[in-house]
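Questions regarding the structure given below will be posed in turn.
The values are calculated or read from the model by the stated rules, or taken from the named source; none is laboratory data. Computed from a predicted model, the values in this text were never measured in an experiment. Here the Cβ is made from the backbone with ideal geometry for all residues, glycine too, and neighbour counts use every protein chain on show.
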Amino acid sequence: MDNNEKSRTRLKNEDTALKMLGQELVDLSPEQLQHFDISDEILDAVRFARKITRHGARRRQIQRIRTLLRDADLESIQTSLETLKRGDDQRALAFKEIENWRDELKEGNLALIEEILRICPDAERQRLTQLARNANKEYLSGKGVKSSRILFRYLRRISDTLFFSKSDEE
């Protein structure tokens, strides 16, 4: 066998990888798909596959996408997918951080307010303190979670520019 010839196993593995890549593209939202540098033909095939509900027809459409991907810039597509996934991971971590802030403030850790004010320049000290106190009172009395939700929304709003704009710029 020549060095230029690929084994059947290698060809099958490459086809499987292309099929999985095609499936990943189909699973993306239209907004996420806009960030990819792919041909109009592939984009149309992906959009069409998203509309198909019958399993066999969808499978055939993904096979068509796989065929189209053979001529595409796979490295660019993979890089875009990894960037997109990294952004989702960063969003999840940021969400966890905001939840932790809310829980600590709700439990009465008002010293955390200074750190939040340092990290989030858009935060209003008075509003943050008031929301934290309300959430703490509600937590101690065991009556509902309304103030806790309001505190979470405020923390999310003030931290949006901090956490979420970084990953959106990539």
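Please go through the stretch 126-162 and give me each residue that is in a helix (DSSP H, G or I), of a type in the set (Gly, Ala, Ser) and within 32 Å of the chain's Cα centre (by Cα), ordered by number.
132, 135, 147, 148, 159, listed by residue number.
What is the one condition in (1) crowded, with 18+ Cβ neighbours inside 10 Å; (2) part of a loop (DSSP other than H, G, I, E, B) that residue 108 does not satisfy?
Here residue 108 meets the rest and fails (1).
Next question. Which members of the stretch 1-56 meet the condition of being among the β-branched types (Val, Ile, Thr), in contact with a helix residue (DSSP H, G or I) (Cβ under 8 Å, 6 or more places away or on another chain) and over 23 Å from residue 85 (Cβ atoms)?
52
Output the residue which, of all residues in the stretch 57-71 that are touching a helix residue (DSSP H, G or I) at 6+ places or on another chain (Cβ under 6 Å) and either at pLDDT below 90 or not basic (Lys, Arg) (or both), is surrounded by the most Cβ atoms within 10 Å (Cβ to Cβ).
It comes out as 65.
Among the residues in the stretch 23-46, are any closer than 30 Å to residue 159 by Cβ, within 20 Å of the chain's Cα centre (by Cα), exposed (fewer than 14 other Cβ atoms within 10 Å of the Cβ) and among the hydrophobic types (A, V, I, L, M, F, W, C)?
No, there is no match, as no residue in the stretch 23-46 is closer than 30 Å to residue 159 by Cβ, within 20 Å of the chain's Cα centre (by Cα), exposed (fewer than 14 other Cβ atoms within 10 Å of the Cβ) and among the hydrophobic types (A, V, I, L, M, F, W, C).
Scan 124, 107 and give me the residue that is free of Cβ contacts under 8 Å to residues at least 60 places away in the same chain and more than 13 Å from residue 158 (Cα to Cα).
Testing whether each residue is free of Cβ contacts under 8 Å to residues at least 60 places away in the same chain and more than 13 Å from residue 158 (Cα to Cα) leaves just 107.
When both residues are 6+ apart or on different chains and their Cβ atoms are under 8 Å apart, which pairs have a first residue that lies in the stretch 68-95 and is under 12 Å from residue 28 (Cβ atoms), and a second that is of a type in the set (Asp, Glu) and part of a helix (DSSP H, G or I)?
81/24
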